[in-house]
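Values quoted throughout were computed directly from the atomic coordinates according to the rules given, and no laboratory measurement underlies them. Because the structure is predicted, anything quoted here is derived from the model rather than measured. FYI the Cβ positions are ideal-geometry reconstructions off the backbone, even for glycines, and counts take in every protein chain you see.
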Amino acid sequence: AIDIAPLRDKSGYITLDYGFKNTGSTKSAITFLDGEEGILRYRGYPIEQLAEKSSFLEVAYLLIYGELPSQAELDQFTNTIKSHTLVHEDIRKILDGFPANAHPMGVLSSLVCSLTAFYPESITDRSKEQVDLNIVRLLAKMPTFAAWAFKNSMGHPVNYPKNKLDYCSNFLHMMFSLPVEGYEVDPVVSDALNKLLILHADHEQNCSTSTVRVVGSSKASLYSSVSAGINALWGPLHGGANQEVIEQLDAIKADGGNTQKWVEKAKDKNSGFRLMGFGHRVYKNFDPRAKIIKGACDQILNKLGVNDPVLNIAKELEEAALNDPYFIERKLYPNVDFYSGIIYRALGIPTDMFTVMFALGRLPGWIAQWKEMNEQKEPISRPRQIYVGATLRDYVDVTKR
Ligand code: ACO
């Protein structure tokens, strides 16, 4: 609900809209989302077609530069990214300073922000050439950071990028190759990852993307803005939900698998408990990404020969919730995070890396939105407030309080 309240300083009327539920912050040409109809398009292209036919780097190019690339443009983009996958050796020293139990999202945001120190020109030089260089560097180095954060948590030596591999396969190599045993990237795993990254690549003005735009509106650099976006994504009500979904499904399984009991718990407002992976600020119908992921889930687990009992629990939970008046009235459907964790686990990705995977996918969207905001020369983001604190009072000496 919107509340209109007069400002005490007589500067006019402001809208009070907690959580910006009805407030548009910008005009954008990147992503179209119709929450009532369950439609999602990147630059006009339906998400279903992109997930089926495209590659993650092609989608990244589309989001950032506005059009699908020609073959020559795509080759050049891909090769430039490949030439930047290595990271400065001193960044490894920063990584070495993190304890093994550091959450990889904290490590990732720190390493992304550290790029401002290694490329100080990225802070001040706003020329097109420099911005393009910042963009390819970030796309190239994020998978390296993400895989290295995982290796650090395992106490394993890091793997350097293999540039003959495609984007997703290179990431899998850096995650899973061990010095003692080689690792052959399974194309089923690499294709599944490609699809998941595409599905996460942009979602208009969500919490992390708005954060990137707000931080960038002060003319902060791309690296510091994206680092802030990673932190916003981390929270359990946003990207962090994918980790919590699988933990919740495991807990339901350990509790005997009675899904109805957990639906009842979620309806009890005093429980402070929510069904993670259900509900969305904009979708009041099925999240189209969840539909695609649910379909892919059966297919990928079958192809990999993985039998994960939580997949059945997830399906039963969905069935129980979708037939419950509480969920029907509030239009709470499974969102993108509900089934993604089951696929990540089947691909061998550990639970606390799930939100990092989301960040890898969302990166092109953050970049595109940061770039658009700068090109549109938007003013600094600076919301107003309605002051409800003490009225004027005199200072009292500490001895008299
Ligand atoms: N379980 C139980 N009840 C829920 C849930 C849920 N998952 N989600 C919303 N509700 C209820 C709320 O309690 C509220 O009920 P009320 O009207 O009786 O007070 C009503 O549905 C509306 O919920 P809000 O929190 O007001 O909706 P909002 O748009 O602010 O929040 C959000 C959306 C954060 C996604 C919410 O649905 C939620 O917390 N879901 C679980 C976390 C999750 O899956 N997050 C991932 C979102 S997708 C993404 O970021 C990629």
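Before moving on, here are some points about what is shown:
- Fully extending the segment from residue 377 to residue 398 would add 2.7 nm, taking 0.36 nm per residue of separation and subtracting the current Cα-Cα distance.
- Entries of 53/303; 291/315; 195/284; 195/294; 291/331; 82/195 with Cα pairs more than 22 Å apart: 195/284
- In the chain, helices alone account for a calculated mean residue ellipticity at 222 nm of -17000 deg cm²/dmol, with every DSSP H run of four or more residues adding -39,500 (n - 2.57).
- Here is the list for the range 361-401: chymotrypsin sites (Phe, Trp or Tyr not before Pro) lying in DSSP coil, each with at most 15 other C-beta atoms within 10 angstrom of its C-beta, are 387, 395.
- Loop sites in the range 135-206: GluC sites (Glu not before Pro), DSSP, at most 10 other Cβ within 10 Å: 181, 184
- In the range 1-133, the ratio of gyration radius to Kirkwood radius, Rg to Rh, stands at 1.08 when only Cα atoms are counted.
- Volume per residue for the chain equals 201 cubic angstrom (convex hull of Cα atoms).
- Equivalent-ellipsoid semi-axes of the range 187-295, from the Cα gyration tensor, Å, largest first: 30, 19, 13
- Stretched out straight at 0.36 nm per residue, the stretch from residue 178 to residue 32 would grow longer than its current Cα-Cα span by 48.4 nm.
- Rounded if a/c under 1.5, otherwise prolate or oblate - the range 85-197, Cα gyration tensor axes: oblate
- Shown in residue order for the range 255-263 are the 3J(HN,Hα) couplings computed by the Karplus curve 6.51 cos²θ - 1.76 cosθ + 1.60 at θ = phi - 60°: 8, x, x, 7, 5, 4, 4, 6, 5 Hz (x for Gly and Pro).
- An ellipsoid equivalent to the range 281-373, defined through the eigenvalues of its Cα gyration tensor, has semi-axes of 24, 22, 10 Å when rounded to whole angstrom and sorted largest first.
- Averaging 1/r across all pairs of distinct Cα atoms in the range 123-270 and inverting the result yields a Kirkwood radius of 18.5 Å.
- Dipole of the range 81-220 computed with +1 at Lys/Arg Cβ and -1 at Asp/Glu Cβ about the Cα centre; of 207, 163, 194, farthest Cα towards the positive end is 207.
- With R₀ fixed at 41 Å, the C-beta to C-beta distance from residue 129 to residue 250 puts the FRET efficiency at about 0.25.
- Of the GluC sites (Glu not before Pro) found in the range 16-59, those in coil by DSSP whose Cβ has at most 15 other Cβ atoms within 10 Å are 36, 37.
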